[in-house]
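Reviewing the structure listed below.
The values are calculated or read from the model by the stated rules, or taken from the named source; none is laboratory data. As the structure is a computational prediction, the values presented were derived from the model and not from experiment. Note that we place each Cβ from the backbone using ideal geometry, even for glycine, and neighbour counts take in every protein chain shown. These area figures cover heavy atoms from the full protein model, side chains too; ligands, DNA and RNA do not enter into them. Shrake-Rupley method; radii C 1.70, N 1.55, O 1.52, S 1.80 Å.
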Amino acid sequence: MVCPFQKGIAFVELNENGFCIDKTGEKIPYSEDFEEEEFYDGLTTDISDDHLYGFKNKAGKLVIPHKFDHAYNFSEGMALVCIDDKYGFIDTTGKPVVPCIYDMLTDNFSGGLALVEYEDDMAGYIDKNGTQFWED
């Protein structure tokens, strides 16, 4: 029996053994969590027992350590993260792309830009390199 793909994963039963596969056919350990988790750029957020956020892959392996006070799903290859009430973005390897220096950021990039608030309620946009475009 082979079930349809949902969120990039399909359940397969072969000789009374169940497992999941991704769209490349790679075998992934079965987890009921796949039905509830959403993966973006192959990753989903994961929360540790001490309430820090990290990211795990579809195989359930933690690939970006639990070190963020909060984290959001990936969009356009970047995820919004928060450390000490300051926001920034990381890439899918966990490397900081935009440092956690902003008071507020939108939860993802759209069209290559993200809305930011910084110092004395200045507002503007940043691109994926962290270049700032401030409004007057």
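If you keep only loop residues by DSSP, which GluC sites (Glu not before Pro) in the stretch 82-136 have at most 16 other Cβ atoms within 10 Å of their Cβ?
Working: sites: Glu117, Glu119, Glu135; in loops: Glu119, Glu135.
In loop regions of the stretch 82-136 (DSSP not H, G, I, E or B), the sparsely surrounded GluC sites (Glu not before Pro) are Glu119, Glu135.
As a test of reading the structure, rank Leu52, Leu80, Leu14 by solvent-accessible area (1.4 Å probe, protein chains only), most first.
Output order, biggest surface exposure first: Leu14, Leu52, Leu80.
Hey, what's the stretch 76-136 come to in accessible area per residue, 1.4 Å probe, Å²?
Numbers: 3450 Å² over 61 residues.
Here the residues of the stretch 76-136 average 57 Å² of exposed surface.
Heavy atoms only, probe 1.4 angstrom, no DNA, RNA or ligands counted: give me Asp69, Asp46 ranked by accessible area, highest first.
Asp69, Asp46
Determine the share of the stretch 66-136's accessible area contributed by carbon and sulfur atoms, expressed in whole percent, with a 1.4 angstrom probe. Numbers along the way, then the final one.
Values: 1830 of 3930 Å².
Carbon with sulfur: 47 percent of the solvent-accessible area.
When N counts the residues of the stretch 60-136, how does its alpha-carbon radius of gyration compare numerically with 2.2 N^0.38 Å, as a ratio?
1.06
Straight-line reach only, C-alpha to C-alpha below 30 angstrom: list the lysines that Lys128 could link to, leaving out same-chain residues fewer than 8 apart.
Here the lysines satisfying the reach criterion relative to Lys128 are Lys7, Lys23, Lys56, Lys58, Lys61, Lys67, Lys86, Lys95.
With a 1.4 Å probe and all protein chains kept in place, how much accessible area does Leu43 have, in Å² rounded to the nearest 10?
Its accessible surface works out to 10 Å², give or take rounding.
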